[in-house]
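Just below is one structure, and these are the notes that go with it.
The values are calculated or read from the model by the stated rules, or taken from the named source; none is laboratory data. The shown structure was predicted, so the numbers you read here are calculated from the model rather than taken from an experiment. Here the Cβ positions follow ideal geometry from the backbone for every residue, glycine too, while neighbour counts run over all protein chains shown. Ligands, DNA and RNA are excluded from the accessible area calculation, which covers all protein heavy atoms including side chains. Shrake-Rupley method; radii C 1.70, N 1.55, O 1.52, S 1.80 Å.
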Amino acid sequence: MGADGGILAGDLMLSCAHQLFARADLPVEQRIRLLDLLEHTVFETTAGEFVDVGLSDGLIGPDLATVLAMTGRKTATYSFELPLRAAAILAGASLELEQRLREAGWYLGLAYQLQDDLLSTFGDAEVHGKDAFSDLREGKQTAIVCFARLCGEWSGIETELSEAAYSIAAAQSVRRRLRACGAEAFVQNLVSDQMTAFRNLLANESEIIPDGVQRVLLALQARLDGRAS
């Protein structure tokens with residue numbers, strides 16, 4: 001009942017979002033750009049969530065490129081790209097600036113979701129507030145697990161992953177094994193790579209991204225650096 005109610009509530013919120021965008025008191029061109037952005041966001045987020053389910057169910061091969069694309073689509077698109085691009089459209093900014101904000105939002109959003117994966121597996125549940133070991137128990141195919149598949153310890157990790165849904169001890173053991181094989185450090189480096197790409201974008205596109213916008217983006221990045229919740 002709870003899951004069904006959540007899905008129905010989400011459908012209602014999507015309908016409301018389209019109504020809000022369609023009724024915005026804006027010039028036609030801006031309103032159409034906003035509606036196109038909303039449609040793009042809904043499509044990309046749904047596609048990302050669909051791939052996430054397919055990966056967890058074993059219907060889609062869990063290679064790193066697929067997992068990273070899924071990770072970005074299901075989080076970066078609506079959490080970072082949408083608000084940044086919508087702000088640019090409402091401010092009457094150029095298409096070039098909107099495109100750069102799309103790229104910036106992708107880097108920040110992917111970093112955010114990778115951090116979330118790290119917190120869900122290695123973080124302190126009392127600090128981050130999420131269910132401890134939830135990703136392991138649900139069989140989520142994160143970048144952490146992708147890296148572990150390439151390690152010599154994978155057979156043992158895989159066996160305990162199948163038990164993690166029923167045993168806290170198994171989940172704790174999987175976490176220790178993942179840390180020992182270098183999966184945690186690998187994904188931490190992926191986060192660092194996204195942050196570096198983000199900073200390079202700002203430096204290389206300073207003629208298109210105004211100083212004020214850069215300050216806002218850098219402040220947003222600062223909130224993500226080293227977050228524990």
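The conditions are (1) more than 26 Å from ILE209 (Cα to Cα); (2) open to solvent by 10 Å² or more (accessible area, probe 1.4 Å), and ARG85 fails exactly one of them. Which is it? Here ARG85 clears every test but (1).
Being without any contact (Cβ under 8 Å) to a residue 60 or more places away in the chain, open to solvent by less than 30 Å² (accessible area, probe 1.4 Å) and over 17 Å from the mean Cα position of the chain (by Cα) is a property that does not hold for ALA132.
Screening TYR166 on (1) under 28 Å from LEU59 (Cβ atoms); (2) part of a helix (DSSP H, G or I) shows it passes everything except condition (2). In the stretch 137-147, is there at least one residue being surrounded by fewer than 17 Cβ atoms within 10 Å (Cβ to Cβ) and without any contact (Cβ under 8 Å) to a residue 12 or more places away in the chain? No, because not a single residue in the stretch 137-147 is surrounded by fewer than 17 Cβ atoms within 10 Å (Cβ to Cβ) and without any contact (Cβ under 8 Å) to a residue 12 or more places away in the chain.
In the set (1) touching a residue at least 12 places away in the same chain (Cβ under 8 Å); (2) open to solvent by 40 Å² or more (accessible area, probe 1.4 Å); (3) in contact with a helix residue (DSSP H, G or I) (Cβ under 9 Å, 6 or more places away or on another chain), the condition left unmet by GLU39 is number (1).
Give the residues of the stretch 1-26 that are of a type in the set (D, E, K, R) and either open to solvent by less than 70 Å² (accessible area, probe 1.4 Å) or part of a helix (DSSP H, G or I) (or both), sorted by residue number.
Once the filter is applied, which keeps residues that are of a type in the set (D, E, K, R) and either open to solvent by less than 70 Å² (accessible area, probe 1.4 Å) or part of a helix (DSSP H, G or I) (or both), the stretch 1-26 yields ASP4, ASP11.
Once the stretch 173-217 is narrowed to residues that are touching a Leu at 6+ places or on another chain (Cβ under 7 Å) and aliphatic (A, V, I, L, M), the residue that is most open to solvent (accessible area, probe 1.4 Å) is ILE208. Evaluating ALA91 against the criteria (1) under 30 Å from ILE32 (Cβ atoms); (2) touching a residue at least 12 places away in the same chain (Cβ under 8 Å); (3) not acidic (Asp, Glu) leaves one unmet condition, (2). A single entry from ARG85, ARG31 fulfils the requirement of being on the phi < 0 side of the Ramachandran plot, of a type outside the set (Phe, Trp, Tyr) and touching a residue at least 40 places away in the same chain (Cβ under 8 Å): ARG85. Suppose we keep only residues that are in contact with an Asp or Glu (Cβ under 7 Å, 6 or more places away or on another chain) and basic (Lys, Arg) within the stretch 94-134. Which one would you say is farthest from LEU35 (Cα to Cα)? The qualifying residue farthest from LEU35 (Cα to Cα) is ARG100.
Scanning the stretch 65-78 for residues that are open to solvent by less than 60 Å² (accessible area, probe 1.4 Å) and closer than 24 Å to GLN221 by Cα gives VAL67, LEU68, ALA69, MET70, THR71, GLY72, LYS74, THR75, ALA76, THR77. For ILE168, indicate whether it is buried (at least 19 other Cβ atoms within 10 Å of the Cβ) and more than 28 Å from PHE80 (Cβ to Cβ). Here the answer is no, as ILE168 does not meet what is asked.
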